[in-house]
Each structure stands twice: as structure tokens, then as C-alpha cells.
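Rule-based calculations on the coordinates, nothing more; no lab input. All figures in this text were calculated on a predicted structure; none of them were measured in a lab. Note: ideal-geometry Cβ built from the backbone for every residue, glycine included; neighbour counts use all protein chains shown.
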Amino acid sequence: MSSSAFLLRRLPRYSHTAALSSQRHPLLASVRVSQARTRALIRPSSALYMYSTGADQTEKPYYITTPIFYVNAVPHIGHLHSAVLSDTFKRFQELKGRKAILSTGTDEHGLKIQQAAELLGMKEIDLCNDVSQRFRDLFDAANISYTTFIRTTEPRHAEAVKEIWDQLWARGYIYKGKHEGWYSVSDEAFYPSTHVQEKLNEKTGEKYHIAVETGKMVEWTTEENYKFKLSAFTDKLNEWLEQNPNAILPLSRHQEVQSWLKTPLADLSISRPRSRLTWGIPIPGDDSHVMYVWMDALTNYLTVTGYPWKNMSEAQRAVCGWPADAQVVGKDILRFHAVYWPAFLMAAELDVPKRIVAHAHWTQSKMKMSKSVGNVVDPFTAMQEFGTDTIRFYLMNDGGLADDADYSSALVAERYRKLLGGQLGNLLSRSASAALNPSSMVPTQPSQDTIDPNFQALHSKLEQLPAIYDEAMSNYATTQATHAIFDMLAEANAVFSRVEPWNLVKDPASKDRLDAVLWYSLESVRMAALLLQPIMPTKAPAILDELSIRKDERSWEYAHLGRGWKTDTESRRVVVSAPMFPARKTKK
Ligand code: MSP
């Protein structure tokens, strides 16, 4: 049975609660979609409620973007990774006192979507509405503090796309020409013959072709299209990358893009005849053609800032966000973001993004996790099983920037047990325990004149931690940041065991030492929780609450040894009611 026949039989109408098998079709998954569809698309920055930043409202906000997600399949953990990474950096900027905006959304046009809707016997817009809402639900469930959720089917986006087309047209960068090439529907991209490989289907003996870069099937296509003079930008793109050696992170990706640019670029087809593609934005002034989906999609980053900025004052324009400070993308969509996108912007005489951060992929049993392979991890189920912040932590602690990482539920459980529970939670409950700390108070900081040798190593780690963390986070290396935090916590737990406070508590003469070990432990927990706020936006503040750290003392200025509890003694109370990371019941 063909997959479409299968779908139509099992799924006469796509429904919000359809419990479906993701093995058969990417759209099939057992996720409930909430009915709440009326929320405003723009919401205030979380800076307003998360940290008291005192950010200057005339300063350009830090603008960070996630890619916008295709609506031909429901979200998987890889999608969530792009979003959590972006959200973590946005929150990191807020921690440092900068106003930040984060945009995310859904990519709703193109042949992929048209075909998926056809397969399901649905109207395209109904499919878009449903799946877009699933992404929104996911990002809400995962505490992604997006400030804008953009959908490419919105009228404000069509206006921005029309404007960019007009700008390129007016400057002579668009012409009409015959286009022949290998087209991949799955990648929504044409590939030159040199990037295509012939394959043999051993069962049927039929030959077919794939794109070398993505392994996706391509077919030879000849059509009359509008083309963009991408060839005019090879030198400019090279110059940009040479002058901005940090434009693309990690460095290996920067070099990869430079290697693509060693060969002059060919012009790019930026429209498809309506006879082939109906679901898209029409070409201004020519209804017989529809905008190439990547040109449409990439423009979303401008739409979010209010482009074409027509009714904006100079002052409003200055704080609209553009150019983006960081654009987070998966490595599979690097060419679109690091070649086509800056070329479009250069052609329209707009600033290019300051940085593109390309992350690696999650694999399952070492195979790329993808909807077409059917080996995806459902992020809703994962968060339900382990908790939102545990999944966020796992993604940021174990997900690769340069190298792929293999997703493993066993490892999520281990990180929870050993790191979150065993290090962070344990240190907190030990140092707040009634047996060792009957008054539940944070002792005063021990004298810094002579540091007890027992605490020397921990003291140094606490002193160095902010700089290591800052460096790692400024380079988008969350793994290094969490490793530094947990390395410090491991030392703090080791000191605790070595100093044996359970013996010190029995001897009034050891009061200073007992106070010192309790202070260092609680200070370690405070520093860890403060720095984990961008990654664990629920659990970290909850720990700071238990430590009675005031809301206005949770920003970067306080992320230094000895900067906590500067207020009166009564407010230095530690209130731990239940373990923050209780032992999980293991499934039989
Ligand atoms: N719609 C385009 C992006 C347009 S941006 C102007 C697209 N969408 S996608 O839904 O296929 O992918 C969105 C993001 O999810 C990309 O950053 C992609 O790399 C990421 N991931 C998809 N699978 C992934 C993994 N297995 N692991 C990590 N991230 C992956 O591409």
C-alpha cells in the first residue's frame, strides 16, 4: 500500500488528538495539541519578569533567532535543541543585563508542505495551523522565552517578502531565465551535477539520484524561473568571512563555508512556476510564479523586526533588533544561512547578521535522527518523563556544537541522578539538613585572610568559574559552561565529605570550621544555580528561592564568590522543603 493510501485510510481527517505511529509518516505522532489558539503572537520579553536588568531601552536589543520549523512533520527533540540553544543564549544576555529578543516560528510554504497536505487530504492552511500550534505548544512547554512567534503565512510576512523582492529587483539582481538542474523536494533546493550521485535500487534495478550533501533524492527539472545573481556575491561573501573570522561558529563551519566559496557561485533560482507549486507567496507582478521557499523563509528574520520599517521612527528603527546578533541553525541548513541569506541582504544593502551559530545533530543509535528515517525522539514524552529542565539541561550538557551526539534516555536518567541529584541537589540538602544546620541559616562568610587549606581548591574554582562560564557561553559552548559548573560542584561535595561536618557539629570548638564548610557549600549551590538560570529557568530560580536569594540579586554582578546574602541575617535563611531532584522511580 502506498504511504498516501495508508494515511488516508488510517487518517481520514487530521485531528488534534490522533494517536498515530511515527514509523509510517512523519506527521504521525501521539502528541495532543492544545486548543488554545487565540494567544497573541507577540509577547513581552521575559526580561521583564525574569531578571531585574535595568537595561537601557534606547540600546539595540540582543536579537537571536531560531530557524523556523517546517510544518510537514511534528516536532522532535532535534528541533527542540535549536530552540533551547537559542533560548539559553537569550537568557544569558538577560542575565548580563542586556535586553534581548528571541524569534522563532514556523516555515509554512513550499512543495514539502503542499505534498504533505495532499497526502493527508487536508487544506494546506489547516495543516499549517495544526502543526504550527504543536511547535508553539512545545516551546511553551519547554519554557522557550520567545518574544515573537512568526508564521510565514501571516500577512506581515508577505509584505516583508514583497519588499525584499522589490529591493533586489530594483537593483538589477533578479532576471528571468531558463533553469535546469537537480531538484530535491525534501531539501527544497537545486543542486549542481557535481553535487549529485547516481544510485541503484537493488530491488527494482531502477536508477535514481541523490544530493551528496544531504543524501536526499533529486530529480532533473527544467523550468523558466526568476533567478538571483548570486554569482555577483562570491567575492563579497569571501571578504565578509575573511574580515569577520567569528562570523560563523564553530570555526570548522566557518572554514567549511569558505571552502564552498573557493568555486564561484552559480546564480540561484528564486521562483517556481505556479503549475508546479501553488502553496507560496506569489512573485510581485507575476502571478504565474511563486517565491522560492527559502527566500520566503529567510526573510522571516527581518519580518520580526518590523521590516520594511516604513512607519518607524529613527529611534524605533534603532531598537528593532536588526542586524541579528546570533542566528542559531542546524548544520544541515548552513548553506542557506551562510551563503544565500547574506547574499540577499548584501543585494538589498542591508546589514548581514553578526553571527551564525551552527550546531551539530542528535543521532539515535548513531543514525541521524530524522522524521523520514522514523527514529525521532518525541520531546513532549521526554519532558513528561524527566521534567522540562532535565531535558533542557541534557540537551545543553551533552548536545554537540561541532560534533553529533547520540541521544540516550539512559544517559538523561544518569545525568539526572548523578549530576542534578547527586551533585547539585545533594549539596543543597546536605548543607541545609537539620542535623548539620539546625538554625537553617547561611553562616557569615569565613575570613578571607587565611583560607583553610581544605577549601583552597574549591575557593579557586569558585573564583575562576564566572570567567570560564562567561567565555564558554560567549562562544555558545554550553557544554563547557555546564562542565565548569559541575566540576566546581564535585569539588564542593568532595570537600564536604572530607571535612566531615557530622563530626564538627558535635564539638562546639569546631564551630568556625562547621560554619566555613556550610558557607562554602551554600555559596557553591548559589553560584551554580545563578549560572544555571539560562539553562534551567524553573529549577535554578527555585533553588535560589530556597537559598533566600533576592530576585534583584540574581544577575551577573552577583555571580562572583562572596556576593550573595548581603542583606540582614534573618533573610539568610535556607528553606528546603523537599529534595529538588528526588530519586526517580525506575520502570520495571
Ligand atoms: N524550515 C527550515 C529552516 C528555515 S529557517 C529560515 C528547516 N526546518 S526543519 O524543521 O527541518 O529544521 C529546523 C531545525 O531543526 C534546524 O536547525 C535543524 O538543523 C534542526 N534539526 C532537525 N533535526 C535535527 C537533529 N536530529 N538534531 C539537531 N537538530 C536538528 O530546516
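As a test of the formula, what do you get for the chain when each DSSP H run with n ≥ 4 contributes -39,500 (n - 2.57) and the sum is divided by the residue count, at 222 nm and rounded to the nearest 500 deg cm²/dmol?
Calculated mean residue ellipticity at 222 nm is -11500 deg cm²/dmol.
Find how many whole Å separate the alpha carbon centroid of region 334-375 from the alpha carbon centroid of region 165-179.
24 Å
May I ask for the longest run of the chain untouched by GluC sites (Glu not before Pro) that are loop-located per DSSP and have at most 10 neighbouring C-beta atoms (other than their own) within 10 Å?
350-588
Please compute, for the alpha-carbon atoms of the chain, the extent along each of the three principal axes and give them in descending order in Å.
90, 58, 45
If a/c stays under 1.5 just call it rounded; otherwise compare a/b with b/c (prolate if a/b is bigger, oblate if not). Do that for region 311-433, with a ≥ b ≥ c from the square roots of the Cα gyration tensor eigenvalues.
oblate
With a cut-off of at most 14 other beta carbons within 10 Å, and DSSP calling the residue loop, which trypsin sites (Lys or Arg not before Pro) in region 123-172 qualify? Please list them.
K123, R171
Against the longest alpha carbon principal axis of the chain, how many degrees, from 0 to 90 and to the nearest 10, is the axis of helix 251-260 turned?
10 degrees
What residue among P245, L424, A360 has its Cα farthest toward the positive end of the dipole of the chain, where the charges are +1 on Lys, Arg and -1 on Asp, Glu, each on the Cβ?
In the chain, that residue is L424.
Could you tell me how many degrees, from 0 to 90 and to the nearest 10, lie between the Cα long axis of helix 124-141 and the main elongation axis, the longest principal axis, of the Cα atoms of the chain?
10 degrees
Please work out whether region 408-572 counts as rounded, prolate or oblate from its C-alpha gyration tensor, where a ≥ b ≥ c are the square roots of the eigenvalues and a/c under 1.5 means rounded, while otherwise a/b larger than b/c means prolate and anything else oblate?
On the way: a/c = 1.57, a/b = 1.41, b/c = 1.11.
Taking the square roots of the gyration eigenvalues as a ≥ b ≥ c, region 408-572 is prolate.
Just flag the trypsin sites (Lys or Arg not before Pro) in region 321-405 sitting in loop per DSSP whose Cβ has no more than 15 other Cβ atoms within 10 Å.
On the way: sites: K331, R335, K354, R355, K366, K368, K371, R392; in loops: K354, R355, K366, K371.
Answer in residue order: K354, K366.
Based on Cβ point charges of +1 for Lys and Arg and -1 for Asp and Glu, what charge dipole magnitude is obtained for region 283-428 about its Cα centre, in debye rounded to the nearest 20? Working shown, then result.
Values: 13 positive and 16 negative charges, 76 e Å.
The calculated dipole for region 283-428 is roughly 360 debye.
Quick check: net charge around N454, other residues with Cβ under 14 Å of its Cβ, Lys/Arg +1 and Asp/Glu -1? It would help to have the intermediate numbers written out before the result.
Details: positive: K461, R498, R513; negative: D452, E491, E500, D512, D515.
The answer is -2.
Could you point to the residue in A141, H157, L168 farthest towards the positive end of region 129-175's charge dipole, with +1 and -1 charges on the Cβ of Lys/Arg and Asp/Glu respectively?
Of A141, H157, L168, it is L168.
Between A318 and S288, with labels modelled 7 Å along Cα→Cβ, what's the label distance in nm to one decimal, could you check?
It is 4.9 nm.
Among L200, H179, V373, whose Cα sits farthest toward the positive end of the charge dipole of the chain (+1 at Cβ of Lys/Arg, -1 at Cβ of Asp/Glu, about the Cα centre)?
The listed residue farthest towards the positive side: V373.
Out of all DSSP beta bridges in the chain, what portion is antiparallel? Express it as a percent rounded to 5. Mind dumping the intermediate values first?
Values: 31 of 51 bridges.
In the chain, DSSP labels about 60 percent of beta bridges as antiparallel.
Going by a ≥ b ≥ c, the root eigenvalues of the Cα gyration tensor, does region 154-300 fall in the rounded group (a/c under 1.5), the prolate group (a/b larger than b/c) or the oblate group?
oblate
With just the Cα atoms defining each centre, how far is region 470-502 from region 510-528? Give it in Å.
Taking the Cα centre of region 510-528 as reference, the centre of region 470-502 is 15 Å away.
Which of the residue pairs K112/K178; K60/K176; K123/K229; K236/K366; K176/K354 have a Cα-Cα distance greater than 27 Å in the structure shown?
K60/K176; K123/K229; K236/K366; K176/K354
Based on Cβ point charges of +1 for Lys and Arg and -1 for Asp and Glu, what charge dipole magnitude is obtained for the chain about its Cα centre, in debye rounded to the nearest 20?
Charge dipole, the chain, about its Cα centre: 1460 debye, nearest 20.
If you place +1 on the Cβ of every Lys and Arg and -1 on the Cβ of every Asp and Glu, how big does the dipole about the Cα centre of region 408-572 come out, in debye to the nearest 20?
460 debye
What do you get for trypsin sites (Lys or Arg not before Pro) in region 431-515 restricted to DSSP loop and a cutoff of at most 12 other Cβ within 10 Å of the site's Cβ?
K506
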